[in-house]
Amino acid sequence: MVWRKKSGGGLSPGRGAGADEEDKVPRGHVPMVAGGKEGEGERVLVPVRLLSDPSIAELLDMAAQRYGYGQPGVLRVPCDAEHFRRVVDGAMHRCGISSA
């Protein structure tokens, strides 16, 4: 699982070549953003296996209620980054996935 502070409003045409490498998502992961205002927050790559965990599913339901199903870009979850870290860490523990 990779955490990274996110600032700014997503992709912009003037970004350097290294930016594409930073935005790549490994196979089997879903990028999500927690905390902050629109265009800010912490980006995390969540293993797809965790999406069926009840705690993660509840956050996805909350995101759908707040932002709808048509939100563009990275999936934003409506909680602060620290709470999201705890939820994801707990889900990883329950699914037997190492956080390292």
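Just so you know, all these numbers are worked out from the coordinates, no wet-lab data involved. These figures come from a predicted structure and were not determined experimentally. Cβ coordinates were reconstructed from backbone atoms using ideal geometry, including for glycine residues, and neighbour counts include every protein chain displayed.
Per-structure values
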| quantity | calculated |
| --- | --- |
| Three-way shape call for segment 37-100 based on the alpha-carbon gyration tensor, with the a/c threshold at 1.5 | prolate |
| Highest-first arrangement of 50-61, 78-89, where packing means the average Cβ count within 10 Å | 78-89, 50-61 |
| Residues in segment 43-70 that a label on Ile97 would reach, taking backbone N under 11 Å of a point 7 Å out along Cα→Cβ | 45-53, 56 |
